[in-house]
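Report on one structure; see the data block that follows.
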Amino acid sequence: MSAKKLCITWAIVFLLMLASFVRRKKIRILPSLLLTVCVTFFALLSPLGKTLTIIRSFRITQDALFIGLQKSAVLVGMVFFSQTIVSYNITLPGKAGRLIADVLFWFNQLTAQRISFKKGHIIAQIDETLCALWEQTT
């Protein structure tokens, strides 16, 4: 794994993040950062390559670090890509295309607002939100 390939992958992730921000007007950085840290940490559990440093008995190796950062970049990039694509109006031919377009439309409508869940009333909260969205669109 080369550092150049890793930098290119993360540059693509930042472009996808920018596209998601332009399209949706807001993005959440903390979940992506947490995902990157967790995936990289678990990749470090299998030490590969040159040892960079040792913290107590935990070895941080170059190849494991690069592999973890590469995997997390792909995962975070796919999240931002899906956020960008889902927010577009997609027109596909046929009944299946219409069904997919409807599902994506309602998913976009649901994720555009925050739902406050109360213990024991999760389904009721989702139902109320869907009914409110239905009334707004009709």
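The values are calculated or read from the model by the stated rules, or taken from the named source; none is laboratory data. Predicted model only: the values in this text are computed from it and were never measured. Here the Cβ positions follow ideal geometry from the backbone for every residue, glycine too, while neighbour counts run over all protein chains shown. Calculation scope for accessible area: heavy atoms of the full protein, side chains included, ligands and nucleic acids excluded. Shrake-Rupley method; radii C 1.70, N 1.55, O 1.52, S 1.80 Å.
Given the alternatives (i) 210; (ii) 174; (iii) 186, volume of the Cα convex hull per residue in Å³ as computed for this entry is given by (ii).
Taking amide H positions as modeled 1.01 Å from N, with prolines and chain starts lacking one, no residue 5 or more places away or on another chain lies under 5 Å from R59. Extension gain, V74 to A11, is 21.6 nm, computed as 0.36 nm per intervening residue step minus the present C-alpha separation. Taking 7 Å steps out from each Cα toward its Cβ at N108 and I126 produces label points 2.2 nm apart. Note on segment 49-109: Rg/Rh from Cα positions, Kirkwood definition for Rh, rounded to two decimals, is 1.38. Just checking the listed ones, S82, S32, S46: in the Gaussian network model of the chain with Cα springs under 10 Å, the one fluctuating most is S46.
I want to verify a result. In a Gaussian network model of the chain, Cα cutoff 10 Å, which of these has the top mean-square fluctuation: F42, F66, F21? Maximum among the listed residues: F42.
When the C-alpha to C-alpha distance is required to be over 28 Å, the pairs from K71/K118; K95/K118; K71/K95; K5/K50 that qualify are K71/K118; K95/K118; K71/K95.
For L45, the solvent-accessible surface with a 1.4 Å probe is about 90 Å², rounded to the nearest 10.
What net charge is computed for the residues neighbouring Q125, neighbours being all others with C-beta under 12 Å from the C-beta of Q125, Lys and Arg scored +1, Asp and Glu -1? Around Q125, the surrounding residues sum to +1. Would you please give the FRET efficiency between E135 and I29, computed as 1/(1 + (r/R0)^6) with r the Cβ-Cβ distance and R0 = 41 Å, to the nearest 0.05? Step by step, r from the Cβ atoms, then E = 0.80. Go through segment 1-68 and name the trypsin sites (Lys or Arg not before Pro) that are in a DSSP coil and have 14 or fewer other Cβ atoms within 10 Å of their Cβ. Answer in residue order: K25, K26, R28, K50, R56.
Calculated mean residue ellipticity at 222 nm for the chain: -24000 deg cm²/dmol, from DSSP H runs with n ≥ 4 weighted as -39500 (n - 2.57), summed, divided by the residue count and rounded to 500. Have a look at T51, T36, T61 and tell me which one the Gaussian network model of the chain (Cα, springs below 10 Å) gives the largest fluctuation. So, out of T51, T36, T61, the one fluctuating most is T51.
Shown is the FRET efficiency for F21 and A101, computed with R0 = 25 Å from the Cβ-Cβ distance and rounded to the nearest 0.05: 0.55. Each of F42 and K118 was given a label point 7 Å from its Cα along the Cα-to-Cβ line. The distance between the two points is 3.5 nm.
Listed by number, the DSSP H helices of the chain that run 27 Å or longer by alpha-carbon position along their axis and have mean Kyte hydropathy of at least 1.6 come to an empty list.
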